[in-house]
1. For TRP26, enumerate residues with amide H under 5 Å from its amide H, sequence gap 5+ or separate chain, H modeled in the peptide plane.
2. In whole Hz, what ³J(HN,Hα) sequence does region 26-42 give by Karplus (6.51, -1.76, 1.60; θ = phi - 60°), x for Gly and Pro?
3. Quote the convex hull volume per residue of the chain, based on C-alpha atoms, as a whole number of Å³.
4. Relative contact order of region 7-52: what whole-number percent is it, with Cα pairs under 8 angstrom and at least 6 residues apart?
5. Round to the nearest 10 and give me the degree value, 0 to 90, for the angle of helix 43-52's Cα axis relative to the longest principal axis of the chain.
6. Would you kindly state how much longer the chain becomes between TYR10 and HIS23 on full extension, computed as 0.36 nm times their sequence separation minus their alpha carbon distance, in nm to one decimal?
7. Given the options PRO67, ASN48, TYR10, identify the residue whose Cα lies farthest towards the positive end of the charge dipole of the chain (+1 on Cβ of Lys, Arg; -1 on Cβ of Asp, Glu).
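Readers should treat all values here as calculations from the given coordinates under stated rules, not as data from a laboratory. Given the structure is predicted, the values throughout are model-derived calculations rather than measurements. Cβ placement follows ideal geometry from the backbone for every residue including glycine, while neighbour counts extend to all protein chains displayed.
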Amino acid sequence: MNKEAQRRYYILSIWSQASGSSHGVWRGYLESASGSRAYFATLQRLNNLLQSVGWQDDTAVTEPKSPFV
């Protein structure tokens with residue numbers, strides 16, 4: 001199967017929103033190429049959205065250490 005045919009394009013937008021706590025909370029949406037948006041407020045919801053469009057974890061991939069930690 002042609003790898004190009006398997007590609008899907010999305011825009012992931014995230015932002016910090018003020019809340020009652022001292023830190024803001026993260027919000028975001030995943031937008032498809034057709035313009036439809038699915039909003040999320042938790043990483044679990046984002047993960048669910050990605051899985052619903054076909055995301056599969058690659059168990060052979062080792063995650064690099066984050067430079068932000």
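1. Residues meeting the criterion, in which the H sits 1.01 Å from N, are GLN17.
2. Couplings: 8, 10, x, 8, 10, 10, 7, 4, 7, x, 6, 10, 10, 8, 9, 10, 9 Hz.
3. 141
4. 29
5. It is inclined by approximately 20 degrees.
6. 1.9 nm
7. Selected residue: TYR10.
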